[in-house]
Amino acid sequence: MNYFEKRKIRKQLKAVLHHARTLRCSREDIMSADDLTSLNEHIARAREAYTAREGEAMEDAGSALETCITRINPPKPYAGWRENFDVLVVAISVAMAFRAYFYQPFKIPTGSMQPTLYGIHSEARPPSAATVLDQQPLKFFKWLVTGTSFKTVRAKTSGTVNFMPSDSSKKPGYMPVVVAGVPHYVPNDAVEIDAYRRPVRLAGGVANGASVRAGEVLWSGVVISGDFVFVNR
């Protein structure tokens with residue numbers, strides 16, 4: 001066995017030893033006495049082989065220690081999916097932290113405090129204003145970073161438009177617009193009212209009582225979530 005092969009085996013043995021010590025520290029209090037004794041014995045042999053630097057001895061000790069680790073702590077199912085999920089959670093946390101403390105800094109008294117003041121609100125825009133960032137899967141990541149999401153509400157069926165009272169128990173922040181008995185939800189502040197506080201029409205959209213065809217746009221625009229640190233807890 002040449003120098004480079006020994007060096008590779010020694011590095012592998014070092015990694016296995018580190019894994020074994022980590023396992024012992026994390027599960028020592030719940031591990032059975034026999035398993036703990038067996039693990040300590042294999043760790044001691046691996047250390048001796050690591051110190052002696054003999055290629056075959058290191059290879060045998062490493063294999064035996066790996067077998068012992070697998071027996072004591074067998075691999076969990078879907079380990080790859082679990083690891084990917086952990087990475088996704090960390091990435092989402094970083095994106096939300098970036099948005100909270102860097103993308104929307106709070107400089108009083110400037111317009112940067114407006115998201116905190118407004119909370120979740122909407123701005124009417126034509127469907128043509130949507131960009132490639134407003135399509136999945138980029139739409140989700142855009143919302144994570146900027147807090148904005150482009151929404152287009154189209155009629156699911158043909159009929160007459162009727163505005164219904166907002167029901168926060170079903171969908172907080174949204175009001176049902178019923179077309180032929182089918183509810184369509186739009187942001188509360190997208191509804192324009194008259195002097196008697198009666199809903200008249202959707203901002204940039206259809207009027208109450210209008211007739212629409214299936215697929216016709218009832219309302220489109222951007223829903224802005226505001227500053228979730230203070231508003232959307």
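Could you check segment 1-53 and list, in sequence order, the residues that are of a type in the set (D, E, K, R), over 20 Å from Asn73 (Cβ atoms) and out of contact with any helix residue (DSSP H, G or I) (no Cβ under 8 Å at 6 or more places or on another chain)?
Across segment 1-53, the qualifying residues are Arg7, Lys8, Lys11.
I need every pair where a residue in segment 57-77 that is touching a residue at least 12 places away in the same chain (Cβ under 8 Å) has its Cβ under 6 Å from the Cβ of a residue that is surrounded by 14 or more Cβ atoms within 10 Å (Cβ to Cβ) and of a type in the set (Val, Ile, Thr), sequence separation at least 6 or different chains.
As it stands, the answer is Met58/Ile9; Glu59/Ile9; Gly62/Val16; Leu65/Val16; Glu66/Val16, since those pairs meet every condition given.
Mind counting the residues in segment 13-38 that are surrounded by fewer than 14 Cβ atoms within 10 Å (Cβ to Cβ) and more than 23 Å from Thr51 (Cβ to Cβ)?
Going through segment 13-38 one residue at a time, the tally reaches 7.
Among the numbered criteria (1) modelled with pLDDT of 90 or more; (2) exposed (fewer than 13 other Cβ atoms within 10 Å of the Cβ), which one does Arg125 miss?
With (1) modelled with pLDDT of 90 or more; (2) exposed (fewer than 13 other Cβ atoms within 10 Å of the Cβ) applied to Arg125, the lone miss is (2).
State whether one or more residues within segment 97-106 are small (Gly, Ala, Ser), outside any helix (DSSP H, G or I), at pLDDT below 85 and over 21 Å from Val206 (Cα atoms).
no
Give all pairs with beta carbons closer than 8 Å in which a residue from segment 7-25 that is without any contact (Cβ under 8 Å) to a residue 24 or more places away in the chain meets a residue that is polar (S, T, N, Q) and surrounded by 11 or more Cβ atoms within 10 Å (Cβ to Cβ); count only pairs at least 6 apart in sequence or on separate chains.
Correct list of pairs: Arg24/Asn40.
Considering Gly119, Gly80, Gly147, which residue is modelled with pLDDT under 85 and in contact with a helix residue (DSSP H, G or I) (Cβ under 8 Å, 6 or more places away or on another chain)?
Selected residue: Gly147, the only one of Gly119, Gly80, Gly147 that is modelled with pLDDT under 85 and in contact with a helix residue (DSSP H, G or I) (Cβ under 8 Å, 6 or more places away or on another chain).
Taking only segment 1-50 into account, find how many residues are more than 14 Å from Cys68 (Cβ to Cβ), of a type in the set (D, E, K, R) and under 41 Å from the mean Cα position of the chain (by Cα).
So the answer is 6.
Give me a count of the residues in segment 157-187 that are within 23 Å of Arg125 (Cβ to Cβ) and either in a strand (DSSP E or B) or at pLDDT 85 or above (or both).
Keep residues of segment 157-187 that are within 23 Å of Arg125 (Cβ to Cβ), which gives 161, 163, 166, 171-177, 179, 183-187.
With either in a strand (DSSP E or B) or at pLDDT 85 or above (or both) added as a condition, the list becomes 161, 163, 174-177, 179, 183-187.
So the count comes out to 12.
The values are calculated or read from the model by the stated rules, or taken from the named source; none is laboratory data. This one's a predicted model, so the numbers in the text were calculated from it and none came from an experiment. Heads up, the Cβs are rebuilt from the backbone with ideal geometry, glycines too, and the neighbour counts pull from every protein chain shown.
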